[in-house]
1. Taking the condition of being assigned to a helix (DSSP H, G or I), farther than 30 Å from A:I224 by Cα and under 21 Å from the mean Cα position of the chain (by Cα), how many residues in the stretch B:131-155 meet it?
2. Any idea which of (1) over 24 Å from B:R99 (Cα atoms); (2) away from chain B (no Cβ under 12 Å); (3) not hydrophobic (A, V, I, L, M, F, W, C) is the one A:S293 doesn't satisfy?
3. Look through A:H102, A:H40 and report the one residue that is under 18 Å from the mean Cα position of the chain (by Cα) and either more than 16 Å from ligand 3 (Cβ to nearest atom) or not hydrophobic (A, V, I, L, M, F, W, C) (or both).
4. Identify all residues within the stretch A:223-269 that are closer than 24 Å to B:H158 by Cβ, buried (at least 18 other Cβ atoms within 10 Å of the Cβ), charged (D, E, K, R) and within 11 Å of another protein chain (Cβ to nearest Cβ); write none if there are none.
5. Which residues, taken from the stretch A:70-97, are among the small types (G, A, S) and either closer than 30 Å to B:V36 by Cβ or within 16 Å of ligand 3 (Cβ to nearest atom) (or both)?
6. Considering every residue within the stretch A:64-78, establish whether at least one is out of contact with any Pro (no Cβ under 7 Å at 6 or more places or on another chain) and either outside the structural domain of A:P351 (by TED's automatic domain parsing) or within 16 Å of ligand 2 (Cβ to nearest atom) (or both).
7. Suppose the filter is at the interface with chain B (Cβ under 9 Å from one of its Cβ atoms) and either away from ligand 2 (no atom under 16 Å from the Cβ) or surrounded by 24 or more Cβ atoms within 10 Å (Cβ to Cβ) (or both); does A:D48 pass it?
8. Run down A:L148, A:L155 and say which single residue is away from ligand 3 (no atom under 16 Å from the Cβ), surrounded by 24 or more Cβ atoms within 10 Å (Cβ to Cβ) and either in contact (Cβ under 8 Å) with a residue 24 or more places away in the chain or part of a loop (DSSP other than H, G, I, E, B) (or both).
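The values are calculated or read from the model by the stated rules, or taken from the named source; none is laboratory data. From a predicted model like this one, the values you see are computed outputs, not experimental measurements. We place every Cβ from the backbone using ideal geometry, glycine too, and count neighbours over all the protein chains shown.
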Amino acid sequence: MVYRGPYKIRVEEKDVPRIEHPNDAIVRVTTASICGSDLHLYHGLMPDTRVGHTFGHEFIGVVDQVGPSVQNLQVGDRVMVPFNIYCGSCFFCARGLWSNCHNVNPNATAVGGIYGYSHTTGGYDGGQAEFVRVPFADVGPSKIPDWLSDEDAVLMTDALATGYFGAQLGDISQGDVVVVLGAGPVGLYAARSAWLMGAGRVIVVDHLDYRLEKARTFAYAETINFGEVDDVVVTLKRATDHLGADVVIDAVGAEADGNLTQHVTGAKLKLQGGSPVALNWAIDGARKGGTISVLGAYGPIFSAVKFGDAVNKGLTLRMNQAPVKRQWPRLLEHIRAGYLTPSDIVTHRIPLEHIAEGYHMFSAKLDGCIKTLVVTGDA
Amino acid sequence: MPYTPEKPPLPETPEQLRARIPGWGADLDPADRPSVPRERRDLDSGAHWHEPEQQPGGEDRERSIEHARLTPAFGTAQPLHGLSGAIRRYAYDRFSEGRAAHWLLLIAGDRVDAWESHLASFVSGRPDNPVTETGVLSERRRHGLSSRRDGKRVDVVHQSFDPVLVGGSWVVAGVVAVAAARTLVRRLR
Ligand SMILES: NC(=O)c1ccc[n+]([C@@H]2O[C@H](COP(=O)([O-])OP(=O)(O)OC[C@H]3O[C@@H](n4cnc5c(N)ncnc54)[C@H](O)[C@@H]3O)[C@@H](O)[C@H]2O)c1
Ligand SMILES: [Zn+2]
Ligand SMILES: [Zn+2]
């Protein structure tokens with residue numbers, strides 16, 4: 001697929017990508033998926049999103065070519081590729097900050113490399129395509145264990161790893177009350193993961209009934225529909241005996257609804273770096289001394305965040321892009337044990353040719369859409 | 001209640017939670033959490049180099065002025081070109097990431113790029129088609145109306161004027177541009 005401008009994409013024939021660095025590989029994509037982050041690009045919110053760019057940072061496939069210095073992969077290997085592009089050896093990578101690499105993104109120092117996520121994250125085409133260039137092939141991709149299904153594997157490349165990581169950022173201790181804002185794939189996985197860390201209650205907030213239903217059945221959570229309550233913060237206080245939540249996870253990001261002014265200035269007119277509604281609800285809904293974990297993506301300019309309340313309440317704010325591959329060994333154990341069942345949230349499977357409609361459906365939240373997989377070839 | 005020292009009682013005991021939720025407490029011990037602690041020096045990333053080799057061909061590659069050098073690897077997906085390319089290059093060369101001007105110029109470059117590309121597409125073999133490219137035909141197949149009527153969706157309010165907001169600023173910019181051009185022409189006469 002290629003981007004043609006805000007709200008417009010189409011399928012085009014492009015040249016097969018080339019090996020451009022000795023540690024590159026070319027991967028033939030078999031399954032990709034559409035992430036909530038792709039919507040920020042699709043809506044024209046991410047600076048330096050160029051016409052012709054191919055999106056897609058969640059994908060798995062088969063190694064088609066390897067560069068001369070590649071040692072850990074061979075042509076024909078079935079691999080999953082984390083959404084982060086990273087070198088494995090810079091100051092940050094050497095410390096395990098694999099989502100914050102300094103060696104792969106000339107366009108910005110504040111963000112690492114991401115596949116198919118504009119030139120602000122390095123200018124790499126993504127995996128909603130037949131072929132993709134995978135830099136540092138000895139570092140990012142892993143062979144998919146035989147027992148793992150394609151669908152579970154593609155969900156490991158971002159959404160599942162991110163939700164699981166977000167629950168860890170919350171520093172949950174046994175019996176904590178955890179509120180998750182947003183019942184998209186990331187929020188659903190974060191809610192489910194919060195239990196693994198010993199949460200005592202998990203409450204999910206959204207305004208889409210069909211997603212809240214999933215939060216109850218898939219993530220075993222209590223739910224609040226913010227469209228049905230007058231003031232979410234008061235509702236959260238009442239639900240927590242007026243204490244507030246020990247941990248709040250923002251799995252919404254820059255296009256949050258719930259306050260029309262914030263949404264329109266942040267997500268539509270681009271007067272701020274995203275609509276901080278969810279972040280502000282997190283600050284107000286947390287208990288004093290509590291922790292906020294921010295997974296939602298925000299733009300690179302200022303947003304109207306209620307920082308004073310965060311200071312006065314002594315909150316701990318933790319956030320990052322997920323270092324995906326660090327999560328994999330433990331996630332595989334959890335999937336094997338049946339503790340996590342990632343593909344339960346997949347609602348749609350579409351061929352690459354239908355991707356424009358797939359984006360519209362996911363963006364407008366039609367047809368009960370939660371997670372859409374794009375099937376590009378046969379494995 | 002926060003007015004007294006006790007934590008409010010939980011509705012379920014750990015035993016009840018363990019029985020109801022698969023894997024409850026499996027990662028109770030922070031040592032089992034893969035991102036704790038955040039920074040570690042003992043992980044094997046797979047890199048077999050101290051510093052990666054330099055990808056060739058980056059002589060003209062735009063970069064943030066906060067970088068001391070071109071990064072060893074970089075994307076080559078859509079090189080700068082045209083008017084949008086000039087705007088973007090100016091944003092990179094002149095302003096750091098710390099400056100709003102950097103990002104606002106890049107967004108402006110994006111809009112110019114879209115218009116340049118739409119215009120170019122009309123003289124190409126494949127003009128942009130707003131109907132297929134926006135995917136609006138899925139409204140019918142994916143239950144556009146009933147999906148929006150379901151429950152208390154708050155985004156429906158702005159979805160109705162999203163197209164105006166998204167496109168409208170360009171209509172306004174267009175009107176301003178035409179007015180400015182007229183004034184200029186009048187002055188020159
Ligand atoms: N940190 C990371 O590494 C990382 C990785 C993946 C995704 N993300 C970000 O996580 C966010 C969620 O991704 P997703 O795929 O689940 O997207 P999604 O669009 O499917 O989900 C977002 C959900 O938030 C709901 N929502 C909107 N406003 C809300 C509000 N004020 N309060 C509560 N809920 C609200 C929406 O109805 C929707 O269900 C995005 O911002 C995405 O960019 C971050
Ligand atoms: Zn993503
Ligand atoms: Zn690095």
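1. Residues meeting the conditions: 2.
2. (2)
3. One residue alone meets the criteria, A:H40.
4. A:E255, A:D257, A:K268
5. A:G88, A:S89, A:A94, A:G96
6. Checked against the condition, which is being out of contact with any Pro (no Cβ under 7 Å at 6 or more places or on another chain) and either outside the structural domain of A:P351 (by TED's automatic domain parsing) or within 16 Å of ligand 2 (Cβ to nearest atom) (or both), the stretch A:64-78 yields no hits at all.
7. Here the answer is yes, as A:D48 does meet what is asked.
8. A:L155
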